[in-house]
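The values are calculated or read from the model by the stated rules, or taken from the named source; none is laboratory data. Values in this document were obtained by computation on a predicted structure and should not be read as measured data. Note: ideal-geometry Cβ built from the backbone for every residue, glycine included; neighbour counts use all protein chains shown. Calculation scope for accessible area: heavy atoms of the full protein, side chains included, ligands and nucleic acids excluded. Shrake-Rupley method; radii C 1.70, N 1.55, O 1.52, S 1.80 Å.
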Amino acid sequence: MTVKVQKQGHSLMIPTDFHVKENAEYQLVMDDDTGILSFIPVHKNSFEQNPDYDFQAALKEMSLPDNGKLVGKENVWK
């Protein structure tokens with residue numbers, strides 16, 4: 001697919017074929033060697049607004065068991 005970037009005001013616009021949602025945030029990275037542009041979604045930390053939240057204490061309070069086994073690639077207890 002060939003893409004033509006167009007300027008509108010002070011912004012560069014991308015085609016709607018990419019199905020990017022309005023107000024979605026991406027970090028734009030350009031590879032110096034190849035010139036390839038990558039749009040990397042910005043993920044926000046769910047606990048950023050409450051950094052003192054104790055997940056393990058919440059599990060105990062709700063009487064939810066924690067078997068301590070990792071399911072995927074998480075590294076939440078370290």
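Quick grid of which residues meet (1) among the polar types (S, T, N, Q); (2) modelled with pLDDT of 80 or more:
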| site | (1), (2) |
| --- | --- |
| Ile14 | no, yes |
| His43 | no, yes |
| Leu59 | no, yes |
| Asn67 | yes, no |
| Trp77 | no, no |
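Scanning for something part of a loop (DSSP other than H, G, I, E, B), of a type in the set (Val, Ile, Thr) and open to solvent by 90 Å² or more (accessible area, probe 1.4 Å), does region 12-26 turn up at least one residue?
Among the residues of region 12-26, not one is part of a loop (DSSP other than H, G, I, E, B), of a type in the set (Val, Ile, Thr) and open to solvent by 90 Å² or more (accessible area, probe 1.4 Å), which makes the answer no.
Yes/no matrix, rows are residues, columns are (1) closer than 30 Å to Phe18 by Cβ; (2) open to solvent by less than 90 Å² (accessible area, probe 1.4 Å):
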residue	(1), (2)
Pro41	yes, yes
Ser46	yes, no
Asp52	no, no
Ala58	no, yes
Met62	no, no
Asp66	no, yes
Gly72	yes, yes
